[in-house]
Amino acid sequence: MSERNIVRVRDVMKAEFDMVDGMATVSEALTAMRRLQTKCLMVDKRHPDDEFGMLLVSDIARHVLGRDRSPERVNVYEVMAKPVISVDPDMDIRFCARLFERFQLTRAPVVESGKIIGIVSFTDMVLRGMCTDSE
């Protein structure tokens, strides 16, 4: 029996992400998403006892576009998800995929020592993690 090479979340996560303030408008967040070519922005904590939030394109579609609201008049905090489930960078991607399935997640922040160091998605785990496993 051959030993399986463990692929960790830190091996497949995207280390490049952008942080937005919850008081920013959805219009400003969309500009950042276009610039970064991303579907997700992390929302920074307001104070040490706060939690991180996450803004997804799907949140904007449901809560702004779908309700015919103006992105210039809606703040990020009104439509973001908060708190969010985060993952440890040393987690095996098999367990991360199970966590995503259990809680119906598509992506999550990777948090180490209380700071976001990246974002991981199903796509990252499948395309980067499974390809690494077979090499």
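Read-outs: derived from the displayed coordinates by stated rules, not from any lab. The model shown is predicted, which means the values in this text are computed figures rather than measured ones.
Here are some notes:
- Residue-wise HN-Hα couplings along the stretch 5-17, as the Karplus relation 6.51 cos²θ - 1.76 cosθ + 1.60 with θ = phi - 60° gives them from phi, are 7, 7, 9, 9, 4, 4, 6, 10, 5, 8, 7, 8, 8 Hz; Gly and Pro carry x.
- Per-residue ellipticity at 222 nm from helix content only, as computed over the chain with -39500 (n - 2.57) for each DSSP H run of at least four residues, stands at -6500 deg cm²/dmol.
- Built amide H within the under 5 Å cut-off of G22, gap 5+: D44
- Against the main long axis of the alpha-carbon atoms of the chain, helix 93-103 sits at an angle near 40°.
- Straight-line cross-link partners of K39 among the aspartates and glutamates, defined as a Cα under 15 Å from its Cα and at least 8 positions apart when in the same chain: E16, D18, E28, D59, D124.
- Between helix 26-36 and the chain: long-axis angle, C-alpha atoms, 0 to 90°, nearest 10: 40
- Bridge type composition, the chain - antiparallel percent by DSSP, nearest 5: 80
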